[in-house]
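Written below as C-alpha cells is the structure these notes are about.
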Amino acid sequence: MLATLVHEVPSGDEWAYEMKWDGVRAFVLVVGVGPDVRVRVTNRKGGDISAGYPEFAVLADELGATEVLLDGEIVALDDRSRPSFQLLQRRMHVRDPVALQHLSREVPIAFMVFDLLWRDGELLTDLAYAERRRALAALGVGGTRWQIPPVSSQGGDAALETSRELGLEGVVAKRLDSRYESGRRSSAWRKIKHALRQEFVIGGWSPGEGWRSGRIGALLLGYYDDDGALRYAGKVGTGFSEKELERLEALLASLERGESPFVGTGLARAARFVEPRYVAEVRFAEWTTGGRIRQPAYLGLRDDKDPREVVREG
C-alpha cells in the first residue's frame, strides 16, 4: 500500500500520524519454528534482499513461535541516529558476507515496522489500520535492529513539527478505519514532506565538461504519465561522488539506445539515451510551469522501485 503526496496535513479524529522514514520499503516474513525458522526480506518489487541485511535474521528469536509478515522501512542511521538515504546507499547493493561484516559496524541499519499484514496463518489486510496497529504492538518486538515507532492521534501539525525538529523527511497520515490496499496508492494514507523529493526514471545522460569530459555530466530524468508515456522532467548534475559516477557509468553502458525514450522533448544532440531501467531519488526546489524540476540534487538509486510505477507526485 502506498501513500498519496499532499501538501497539507489532514486533521480530525479519524487520522493517526507516523513519522516518514528516509529509507527503503521492505517486507519481512518470519515462518517456521525452532531450527526450521526462516526470515525472508523482500523489497517492493518482490525481490529477495535477505542476503543484504543479515542483521534481521535474529528477529525470529524475539517472536518466539509467532509467524508474521511485517511491513516497514529499512533505514541507515548516521552518527546522530537519524535516517540517511545517502548512507543507506552503501548497504543497498552489497551482498558479500565478508564486506557486510564490516559495513554492519560502519553503517548500522534498523527496520522501522509500521504494519502487520499476516500473523500465524491469518491475513490481516481487511482489518482497520487501528486494529492492525494494536496487533503489531502486541508482538512486543524492539531492539537496536528493529522497532515499532510510535503513532500519534493528537494533531497532524504537531507531528509535522516534531518530524522537522528531529530532522526527518515528514509524516504519513493514515485513516484509523482504513484497510490495507495492497499494490495501490491510496488517499487513506497521505504523506507530507518538508522538501520536494521523489523518484525519477533515468532515460539517458548528457556529457560533462572539464574533468567530467566524456563522462556523465548529468542524468536525464523522467516520469510516466497516465498514458504510459515517459515525460522528460529535467536533468540532475550534482550530488555524485566519484565512486557513484563510476557505478552509474558501468550500469548504463550496457543500456544505450539510439532513440530518446522520452516523448515530446528537444534534447541536445549530444545527449546519450538508455533503456529506462533505473530509478533515481532526487531532491529539488520546485516544479516549473513548463514541467521541469529546479535545483535538483541526486541522492541515490532505488532498486526497490519499478520504473513503471514512477509518476509525477507534485
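Side notes on the structure shown:
- The set of residues in segment 256-273 being at pLDDT below 90, among the hydrophobic types (A, V, I, L, M, F, W, C) and surrounded by fewer than 15 Cβ atoms within 10 Å (Cβ to Cβ) consists of Ala268, Ala270.
- Total residues in segment 125-154, condition modelled with pLDDT of 95 or more and under 23 Å from Ile49 (Cβ atoms): 2
- Members of segment 110-124 found to be surrounded by fewer than 16 Cβ atoms within 10 Å (Cβ to Cβ) and either in contact with a Ser or Thr (Cβ under 8 Å, 6 or more places away or on another chain) or without any contact (Cβ under 8 Å) to a residue 24 or more places away in the chain (or both), listed by number: Asp120, Glu122, Leu123
- Which listed residue is part of a strand (DSSP E or B), assigned by TED's automatic domain parsing to the domain that holds Gln89 and β-branched (Val, Ile, Thr), from Val141, Val172: Val172
- Within segment 272-314, the only residue that satisfies the criterion of being within 29 Å of Asp48 (Cβ to Cβ), of a type in the set (Phe, Trp, Tyr) and either part of a strand (DSSP E or B) or not assigned by TED's automatic domain parsing to the domain that holds Ile216 (or both) is Tyr298.
- Residue that is nearest to Val151 (Cα to Cα), among those in segment 51-78 that are within 24 Å of the chain's Cα centre (by Cα) and assigned to a loop (DSSP other than H, G, I, E, B): Asp78
- Where Lys45 falls short, out of the listed (1) under 21 Å from Tyr278 (Cβ atoms); (2) basic (Lys, Arg); (3) without any contact (Cβ under 8 Å) to a residue 24 or more places away in the chain: (3)
- Any hit, segment 233-253, residues being in the same structural domain as Ala280 (by TED's automatic domain parsing), in a loop (DSSP other than H, G, I, E, B) and among the aliphatic types (A, V, I, L, M): no
- Of all residues in segment 236-254, those that are aromatic (Phe, Trp, Tyr) have Cβ atoms under 9 Å from Cβ atoms of residues that are surrounded by 11 or more Cβ atoms within 10 Å (Cβ to Cβ) and not in a loop (DSSP other than H, G, I, E, B), 6 or more apart or on another chain, in Phe240/Ile216; Phe240/Leu219; Phe240/Leu248; Phe240/Tyr298.
The values are calculated or read from the model by the stated rules, or taken from the named source; none is laboratory data. Computed from a prediction, not measured in an experiment: that's the story for all the values here. Backbone-built Cβ (ideal geometry, glycine too); neighbour counts: all protein chains shown.
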